[in-house]
Amino acid sequence: MNLKQLEVFLAVAESGSFSRGAEATFITQSTVSQHIAALENELGVKLLDRTSRGALPTEGGKLLLEHARRVVSDTREIERTMRRFRGVEEAVLRVGGSTIPGDYLIPEALPHFFSRHPGVFLTLVQGDSREIVDRLLREEIEIGVVGSRFDEEGITFTPFGRDEIRLVAPPDHPLVTGGTVAPAELAQQTFIMREKGSGTGRAVDDALRAAGIPPETLRVRASLGSTEAVKHAVASGLGLAFLSEISVRREIGRRDLAAISVRKLTISRPFYLAGRSGRELSPAARAFAAMMEERFGTGAER
C-alpha cells in the first residue's frame, strides 16, 4: 500500500467514477483500475462496487475511506509544513543568549530579522555563557550567542564580532579627568563586579593579569547578578565597574556614567555563535546566524 493508491481510491470513491478519478489524479483509467485492484489484493477486501449509479464504496471501502482521508490530509499538511520550513516561512527557533548578547545584541537585531522572516516565532532564553552552552548540550536551544568559549566536546564556537569593555564611574568621580590613569591607581578604588561565570568577568580578569594587576588585589564591594544592577550601583557612587561598552553607550551619552581610560589596559573580547558539532542548523537558525554576523560582525555598519 502506498500514498498514490490511497489518493486514487479517494478520488474514485468521492467522485463515484473511475473516469473522474483518473482525471483528478492525472492518470489513465486503466492505471486507476490497477491501483484499486492492487489495494484490494493487499487488503483482501473488495473496496468498490461498479453499479448503475457509479462506483460505490463497499462496507470495507467505507472503513478504508475514513482512514485514507486522514492519511492523505496529514501527508499533505506535512508537505506544506516542510515547504514553509525550507523557506523560513514558518518556524519556531529557540535561541540562547548570555548577558550582553541577550540584553543588547539580539533585541537590537530582532526587528531586522522579523522584517525579513515574519513567520518565525523566536524564543530567547538567557543565562551566563556557561549556562547557555549547557542548554545547547541538553538540546534545549538550537543556537547560542555567548561572550566566552569553552573547551567543550560537542560544541562549536564561531566568532562574529568584538566587544570593548570599559572602566566606568560616576561623572563626578576624581579619576574622570579626560586623560588616562595609571594601573596602580586602581588599587585605591572600590569596585562593583559581575557574578563569576560571566564572559565580561572572564575577559576583565585575563586583561588585568596581562597588565600585571592580579584581580584578587582589587577591593570589591559587591558582586551583582546583572549588568543593569551594576550600572545602577556605579551611578549611585558605590564604586567603579568594568562593563561592556555596548551596555553603557546610552548612559555615557547621557552623562549618567563616564568612561575612564587606564594606561596599557585594553580589554576586548569576541562574541561567539555556539552550536552543536555535526548538527546542521535549521534554515531559521542559519538566517538568524547570518543576521547576527551582518549586524555585529567585522566590518558591520552600526
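Odds and ends about this structure:
- Radius of gyration over Kirkwood radius for the chain, both on Cα atoms: the Rg/Rh ratio is 1.32.
- Multiplying the residue separation of residue 164 and residue 220 by 0.36 nm and removing their Cα-Cα distance gives an extension gain of 18.0 nm.
- Shown for the chain: lysine pairs separated by 8 or more places, or found on different chains, whose C-alpha atoms are under 19 Å apart, numbering 4.
- The Cα atoms of the stretch 163-269 cover 32, 30, 25 Å along the three principal axes, with the biggest extent listed first.
- Cα Rg, Dmax, the stretch 125-223, angstrom units: 16.7, 49
- The stretch 221-302: Rg to Rh, with Rh as the Kirkwood radius over Cα pairs: 1.09
- Highest mean first, the peptides 270-277, 167-174 sorted by other C-beta atoms within 10 Å per residue fall in the order 270-277, 167-174.
- Here the stretch 180-229 is treated as a sphere whose radius is the Kirkwood value from Cα pairs; by Stokes-Einstein at 20 °C and 1.002 mPa s it diffuses with a coefficient of 185 µm²/s.
- The chain: most fluctuating residue of 190, 156, 25 per GNM, C-alpha cutoff 10 Å: 25
- Treating each Cα of the stretch 10-59 as an identical point scatterer and summing with the Debye formula, the log10 of I(q)/I(0) at q = 0.20 Å⁻¹ comes to -0.62.
- Amide H to amide H, with H built 1.01 Å from N, residue 97 comes under 5 Å of 125, 126, 127, 145, counting only residues 5 or more places away or on other chains.
- Annotation note: trypsin sites (Lys or Arg not before Pro) in the stretch 191-249 located in DSSP loop regions with a Cβ neighbour count of at most 15 within 10 Å are 196.
- For peptides 98-110, 68-80, 35-47, sequence by mean Cβ density within 10 Å, most packed first: 98-110, 35-47, 68-80
- Here the stretch 1-110 yields Rg over Rh of 1.35, to two decimals, using C-alpha coordinates and the Kirkwood radius.
- Where both bridge residues fall in the chain, DSSP classifies roughly 55% of the beta bridges as antiparallel.
Every number in this text was worked out from the coordinates using simple rules, so none of it is lab data. Given the structure is predicted, the values throughout are model-derived calculations rather than measurements. Reconstructed Cβ throughout: ideal geometry from the backbone, glycine too, with neighbour counts over all protein chains shown.
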